[in-house]
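As structure tokens, the structure follows; a few thoughts come after it.
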Ligand code: PHE
């Protein structure tokens, strides 16, 4: 009997070594410890052995059974441990692997400069307006004191879509639109940023599409002095509080008098350097008092209203402020260029 029990334990050990999964193990458990197991048969056989041997035999059987139960438990624990180990291995994260970098976008430099200019003017009480890029000849030229065949039309090479429509060559048609919209003829202060188009061959300093900000103030007594004060304030905000400005006489059909505005060079402070062509001054925009013809054509009485207008090239401001040396860089969208101005 003893031998048989020993054999049983060895037999189980052999079988355990073949076990591959939890199911195999459960089957073994049923086979050795279940209701129909050899141990049940052995217990039944107990009644046939002499009484004095019964306690010892019973003890041996129980011991073997306990041994087998312990081995099955161990096997189960070992199997669970291996499962957990495998799971950990398969789900392991290699913290030394380089992470996936995510691209953080940024505002285009032109958008940033537009917003900077808008903020300055909004701070002065101006309202920001928009106008269409496909514009009528009437608003782009005629009502700006540029009748058909006016020689000054040649100042701006135009891209016509039809006889009467073109891609706006400047943001000045928004002056006309704003004057006409203001049916109550209230005093007004507006700026309009936007894209403009000219029939230019693109090179380092020319682009067939660029960006302007128009400004217009009309009320009973806006003067050239107000224009000058405004220009000084804007130039100092853009290029530094120490900047000065100067106005040079110029010509635009829609303003009279017209001026070209220079800011003192922010690099040399006005003493002359390569940046300002050794003049101490850098041209930044065109401006002037709204021409009476423009007011009259829009239904305003020039004896009661006067105003000033200005037009600023955003690329020019950005080129000056950030040292961009090719206007085309704004439009080719090379991320290496764009990224340099993140959060400027
Ligand atoms: N529209 C002019 C240009 O594009 C600029 C300008 C605007 C000048 C307003 C005077 C007043 O050159």
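Overview of results
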item	result
Residue check, residue 235 away from the ligand (no atom under 16 Å from the Cβ), modelled with pLDDT of 95 or more, out of contact with any helix residue (DSSP H, G or I) (no Cβ under 9 Å at 6 or more places or on another chain) and farther than 16 Å from residue 175 by Cα	no
Complete set of residues in the stretch 79-118 that are closer than 30 Å to residue 207 by Cβ and in a helix (DSSP H, G or I)	109, 110, 111, 112, 113, 114, 115, 116, 117, 118
Residue that is within 13 Å of the ligand (Cβ to nearest atom), assigned by TED's automatic domain parsing to the domain that holds residue 291, modelled with pLDDT of 95 or more and closer than 26 Å to residue 300 by Cβ, where the choices are 176, 122	176
Test: residue in the stretch 66-78 that is free of Cβ contacts under 8 Å to residues at least 24 places away in the same chain, in a helix (DSSP H, G or I), away from the ligand (no atom under 16 Å from the Cβ) and within 49 Å of the chain's Cα centre (by Cα)	no
Exclusive hit being within 29 Å of residue 337 (Cβ to Cβ), surrounded by 15 or more Cβ atoms within 10 Å (Cβ to Cβ), in contact with a helix residue (DSSP H, G or I) (Cβ under 6 Å, 6 or more places away or on another chain) and in the same structural domain as residue 332 (by TED's automatic domain parsing), set 117, 113	113
Complete set of residues in the stretch 156-181 that are surrounded by fewer than 23 Cβ atoms within 10 Å (Cβ to Cβ) and touching a residue at least 60 places away in the same chain (Cβ under 8 Å)	180
Selected residue (only one of 230, 223 is loosely packed, with under 15 Cβ neighbours inside 10 Å and within 22 Å of residue 190 (Cα to Cα))	223
Check on residue 258, within 16 Å of the ligand (Cβ to nearest atom), in the same structural domain as residue 195 (by TED's automatic domain parsing) and in contact with a strand residue (DSSP E or B) (Cβ under 7 Å, 6 or more places away or on another chain)	yes
Residues within the stretch 290-344 that are within 16 Å of the ligand (Cβ to nearest atom) and either touching a residue at least 40 places away in the same chain (Cβ under 8 Å) or under 41 Å from the mean Cα position of the chain (by Cα) (or both), tallied	20
Meets criteria (under 30 Å from residue 211 (Cβ atoms) and modelled with pLDDT of 85 or more) for residue 97	no
Residue 143 farther than 21 Å from residue 217 by Cβ and surrounded by 14 or more Cβ atoms within 10 Å (Cβ to Cβ)	no
Selection within the stretch 29-48 - in contact with a helix residue (DSSP H, G or I) (Cβ under 7 Å, 6 or more places away or on another chain) and either without any contact (Cβ under 8 Å) to a residue 12 or more places away in the chain or closer than 17 Å to residue 14 by Cα (or both)	29, 32, 33, 37, 38
Qualifying residue in the stretch 267-289 (condition: over 38 Å from the mean Cα position of the chain (by Cα), assigned by TED's automatic domain parsing to the domain that holds residue 220 and within 16 Å of the ligand (Cβ to nearest atom))	yes
So residue 218, is it assigned by TED's automatic domain parsing to the domain that holds residue 167, touching a residue at least 40 places away in the same chain (Cβ under 8 Å), assigned to a strand (DSSP E or B) and over 34 Å from the mean Cα position of the chain (by Cα)	yes
Criterion (touching a helix residue (DSSP H, G or I) at 6+ places or on another chain (Cβ under 7 Å) and either at pLDDT below 95 or not in a helix (DSSP H, G or I) (or both)) met by exactly one of 309, 329, 318	309
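The values are calculated or read from the model by the stated rules, or taken from the named source; none is laboratory data. What you see is a predicted model, and the numbers here were worked out from it, not measured in a lab. Ideal geometry is used to build each Cβ from the backbone, glycine not excepted, and the neighbour counts take in all protein chains shown.
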